[in-house]
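Okay, so here's the structure we're looking at.
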Amino acid sequence: MAGVCQAEVETEVKCNPHKFYEMMKYSLHHLPTIFPEGFTDAQILEGDGKSEGTLRLWKYILPGAQGTSIDATVQTVNKRATACFKVLHV
């Protein structure tokens with residue numbers, strides 16, 4: 001049975017916070033190059049990859065399983081360096 005859930009992730013990064021936010025906001029489709037152990041493919045299905053409403057297809061590897069999901073950029077808030085994404089399909 002499908003349900004609705006919310007997840008928030010907080011982690012420490014070993015780089016400039018502004019650069020990390022810019023990567024999350026503008027360059028998520030490069031994750032397979034940056035983190036090939038976790039992501040095998042990322043494609044922009046609709047939009048420019050930067051603005052609200054952009055749809056992306058992800059192929060990822062979890063411990064013991066592989067998966068695919070589609071997400072949409074819902075909101076980016078520059079004042080707080082926050083990016084929100086909504087997973088549409090898993």
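The values are calculated or read from the model by the stated rules, or taken from the named source; none is laboratory data. Computed from a predicted model, the values in this text were never measured in an experiment. In this analysis, Cβ positions are derived from the backbone assuming ideal geometry, glycine residues included, and neighbour counts consider all displayed protein chains.
Numbers for the structure displayed
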{"item": "Selection from the range 17-46 of residues that are surrounded by 11 or more Cβ atoms within 10 Å (Cβ to Cβ) and among the polar types (S, T, N, Q)", "result": "SER27, THR40, GLN43"}
{"item": "Tally, over the range 53-64, of residues that are in a loop (DSSP other than H, G, I, E, B) and more than 14 Å from SER27 (Cα to Cα)", "result": "3"}
{"item": "Restricting the range 48-90 to residues that are within 15 Å of GLU22 (Cα to Cα) and either aromatic (Phe, Trp, Tyr) or in contact with a Cys (Cβ under 6 Å, 6 or more places away or on another chain) (or both), the residue that is modelled with the highest pLDDT", "result": "PHE85"}
{"item": "Scan of the range 24-42 for residues that are part of a strand (DSSP E or B) and within 11 Å of the chain's Cα centre (by Cα), ordered by number", "result": "PHE39, ALA42"}
{"item": "Pair list, Cβ < 8 Å and 6+ apart or interchain, from the range 65-76 residues that are farther than 14 Å from HIS29 by Cβ to residues that are surrounded by fewer than 12 Cβ atoms within 10 Å (Cβ to Cβ) and at pLDDT 75 or above", "result": "VAL74/GLU52; GLN75/GLU52; THR76/GLU52"}
